[in-house]
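First the structure, in the form of structure tokens, and then the observations on it.
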Amino acid sequence: MPLHPKVQALLTAQRLSGAPPLHTLTPEQARDDMRAQVPAVSGALAAVARVDDRTAPGEAGAVPVRIYTPPGGGPFPGIVYFHGGGFVIGDLDTHDPLCRQVTARTGAMVCAVDYRRAPEHPFPAAADDALAAARWFVAHAGDVGADRDRLFVMGDSAGGTLATVTALAVRDQLGPHLRGQILVYPITDHVDAGAASYTEFADGYGLTHDGMRWFLRHYAADPHDATDPRVCPVRMPTLRGLPPAFVVTAEYDVLRDEGERYVERLREDGVDVTFERAAGLHHGFIRLFGILEEPAQWIDRIAAWMRRM
């Protein structure tokens, strides 16, 4: 399918703006740039009943979390949400509009996790914080109004990686049972593993090949870490025992092929997978509620899948 005309217009505007490429920025410059884009792409904030900032205990100290409660009476299904940003950028505020939309459209309580970011805190800090926050949410689900028997993990891009890595850790440590994992264009393999989509969409579609190298260099500079299964979950020896998965890839995305290879691995290992490729869309589309109709449609599909689970 051709690139969505509104996505094409967005990418053209970004190119004509003269903004420097991500891989030439410092992490703090890249963080500021992402924050500055939020009002223009997010649209009106979805209504939720309340928003509470809390902390969860982690191995290296408190992990900030933000809990979104939907309207109505609980207990609600729960989603532990991990934001994207290549493990380097993104935070609770950049993904606040998205988490509000997820809460409003799924009817679930969302616990967004402000995990530590690289390069200040390289691998495995983000994965450790993700698991700590998920365990805290399960332990306190009843206290905050969530149903611990209807819990999911979810994330976009690097957050999708953290979601499935958390599900893997729960499986291996015989922790709480999860009803499902929702992975939106996740990172699942090494940037130079040879996926064709890295060549096809290397530049000009938002997230670039050089940008992904920049993220990985900050998060997992050690070659051994860069191919660790917690960074590249497609390399896990086995994925058996994972909860059902809803996986979305974007057609015009360097991460497309590795995400779809992960779907194949999940299916090969007996995991129930619902997979769809978002035709005509690029990496990051799920946050563009102020520009596209498709993000709302995709969250509605996720909500329908959650109800089936």
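Quick notes on this one:
- Solvent exposure of the stretch 37-90 as accessible area per residue, Å², 1.4 Å probe: 42 Å²
- Sites H224 and T199 - FRET efficiency at Förster radius 25 Å, r taken between beta-carbons, to 0.05: 0.45
- Sequence-separation-based contact order of the chain, relative, with Cα cut under 8 Å and 6+ spacing, percent: 19 percent
- Residue-span extension gain [V51 to Q29] - 0.36 nm each, minus C-alpha spacing: 5.1 nm
- Relative packing of 51-62, 179-190, which averages over residues the other C-beta atoms within 10 Å, highest first: 179-190, 51-62
- Protection proxy ranking of 151-162, 126-137 - average other beta-carbon atoms within 10 Å, highest first: 151-162, 126-137
- Mean residue ellipticity (222 nm) of the chain, computed from DSSP H runs ≥ 4 via -39,500 (n - 2.57), nearest 500: -12000 deg cm²/dmol
- With both residues required to sit in the chain, DSSP beta bridges show an antiparallel share near 30%.
- 3J(HN,Hα) couplings calculated from phi for the stretch 284-295 with the Karplus curve 6.51 cos²θ - 1.76 cosθ + 1.60 (θ = phi - 60°) are, in sequence order, x, 4, 5, 9, 8, 5, x, 10, 10, 7, 4, x Hz; Gly and Pro show x.
- Selected from P64, P21, P223 as most flexible by GNM, with the chain as the system and alpha-carbon contacts under 10 Å: P223
- Probe 1.4 Å, protein heavy atoms only - accessible area per residue of the stretch 214-287 in square angstrom: 37 Å²
- Solvent-accessible area per residue, Å², over the stretch 113-160 with all protein chains present [probe radius 1.4 Å]: 32 Å²
- For the stretch 214-291, the relative contact order works out to 30 percent when only alpha carbon pairs closer than 8 Å and six or more residues apart are counted.
- Were the residues from Q297 through D269 laid out at 0.36 nm apart, the gain over their Cα-Cα distance would be 7.1 nm.
- Both numbers refer to the Cα atoms of the chain; Rg and Dmax are 17.8, 51 Å.
- If R0 equals 35 Å, the separation of the Cβ atoms of A40 and A60 corresponds to a calculated FRET efficiency of about 0.50.
- Burial order of peptide ranges 244-253, 196-205 (average beta-carbon count within 10 Å, highest first): 244-253, 196-205
- Percent carbon-and-sulfur accessible area, the chain, ignoring ligands, DNA and RNA, probe 1.4 Å: 51 percent
The values are calculated or read from the model by the stated rules, or taken from the named source; none is laboratory data. Remember, it's a predicted structure, so these values are computed and weren't measured experimentally. Because the Cβ atoms are built from the backbone with ideal geometry, glycine has one as well, and the counts that use them run over all protein chains shown. The protein model used for the area step is the full one, side chains on, heavy atoms only, and it has no ligands, DNA or RNA in it. Shrake-Rupley method; radii C 1.70, N 1.55, O 1.52, S 1.80 Å.
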